[in-house]
Amino acid sequence: GAGVSQSPSNKVTEKGKDVELRCDPISGHTALYWYRQSLGQGLEFLIYFQGNSAPDKSGLPSDRFSAERTGGSVSTLTIQRTQQEDSAVYLCASSRDRMNEKLFFGSGTQLSVL
Amino acid sequence: GQNIDQPTEMTATEGAIVQINCTYQTSGFNGLFWYQQHAGEAPTFLSYNVLDGLEEKGRFSSFLSRSKGYSYLLLKELQMKDSASYLCAVRGGNTGGFKTIFGAGTRLFVKA
């Protein structure tokens, strides 16, 4: 596609429910990141996929968070048993390869947990 | 691990020059980036430094000193549209040097 696509753009859920956030990276981009941004804060690293390598999950805040990337393309971030503190914008970014210096970001998913 | 520090907020006047500093500590280093983020929007790439020195791109310049763990972003001829957050990011760490971590960002307010 022309850019990184994320869906949904907004998600309102009740505490305790599970949510799935989707990211469709730019075609051919082998690196994919998920970040979380709370209001007025910086980007918190969550997880990093690079090609067929094992993902770097070191930023996932708890075992309620998981992510997968199918076929080296689309990625899904799943949050189980959502809590109010999970409310944030979840941003996905991709880049062409390891040595590429630029990340292209999607527009994000605004998650609100009531 | 990685740690990135930058000022929380800065204010400058239209037409002036502003320098936003960033200091970092990382177990591995593979490049430093600056991104611009307007309120409610996704970050967009501004600059990239992997070698020491100054990189100039129009009104924006970025400097890197790897030995000091220090970078700055220089914005010249400030315009009102430059009001945004500026994010310093470092690629490095424990995964062969390719994980990009962001600082908390510096909110720049440009006043008339």
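Observations on the structure shown:
- Unsatisfied cross-links (Cα-Cα over 22 Å) in the set A:LYS17/B:LYS99; A:LYS102/B:LYS57; A:LYS11/B:LYS99; B:LYS57/B:LYS81: A:LYS17/B:LYS99; A:LYS11/B:LYS99
- Interface A:B - total buried accessible surface [probe 1.4 Å, Å², rounded to 100]: 1600
- Remark: spin-label model distance A:GLN110-A:THR78 equals 2.7 nm, labels positioned 7 Å along the Cα→Cβ axis.
- Reported value for chain A: 96 Å³ per residue, from the convex hull of its C-alpha atoms.
- Contact order, relative form, for chain A: 38 percent (alpha carbon pairs under 8 Å, 6 or more residues apart, mean separation divided by residue count).
- Residue-wise HN-Hα coupling along segment A:81-87, computed from phi with Karplus coefficients 6.51, -1.76, 1.60 (Hz; x: Gly, Pro): 6, 4, 10, 4, 6, 7, 4
- Å² of accessible area per residue within the protein assembly as shown, as computed with a 1.4 Å probe and no ligands counted: 48
- FRET efficiency estimate (nearest 0.05) - Cβ-Cβ, A:ASN52 to B:ALA112, R0 45 angstrom: 0.30
- For segment B:5-112, carbon and sulfur atoms together expose 50% of the accessible surface, with a 1.4 angstrom probe and every protein chain in place.
- Accessible carbon and sulfur surface of chain A relative to its total accessible area, %, 1.4 Å: 44
- Remark: mean inter-chain Cβ contacts per residue of A:102-114 equal 3, using a 10 Å Cβ-Cβ cutoff to other protein chain atoms.
- Applying the Karplus relation 6.51 cos²θ - 1.76 cosθ + 1.60 with θ = phi - 60° to segment B:27-41 yields 3J(HN,Hα) values of 6, x, 10, 9, x, 10, 10, 10, 10, 10, 9, 7, 3, x, 10 Hz, where x marks Gly and Pro.
- Partners for B:LYS111 among aspartates and glutamates (Cα-Cα distance below 16 Å; same-chain residues under 8 apart left out): B:GLU9, B:GLU14, B:GLU77, B:ASP82
- Surrounding net charge for B:LEU73, when Lys and Arg each add one and Asp and Glu each subtract one, Cβ distance under 15 Å: -2
- Number of partner chain Cβ atoms within 10 Å, mean per residue of A:37-46: 5
- Counting 0.36 nm for each residue step from B:ARG66 to B:THR8 and taking away their Cα separation leaves a gain of 18.6 nm.
- DSSP-loop trypsin sites (Lys or Arg not before Pro) across segment B:40-88, with at most 12 other Cβ within 10 angstrom: B:LYS68
- Per-residue mean of foreign Cβ neighbours for B:36-47 is 4 (Cβ atoms of other chains, 10 Å radius).
The values are calculated or read from the model by the stated rules, or taken from the named source; none is laboratory data. Since we're looking at a predicted model, the values are computed, not measured. Positions of Cβ are backbone-derived with ideal geometry, glycine not excepted, and every protein chain shown enters the neighbour counts. Accessible surface is based on the protein model in full, side chains and every heavy atom, while ligands, DNA and RNA are left aside. Shrake-Rupley method; radii C 1.70, N 1.55, O 1.52, S 1.80 Å.
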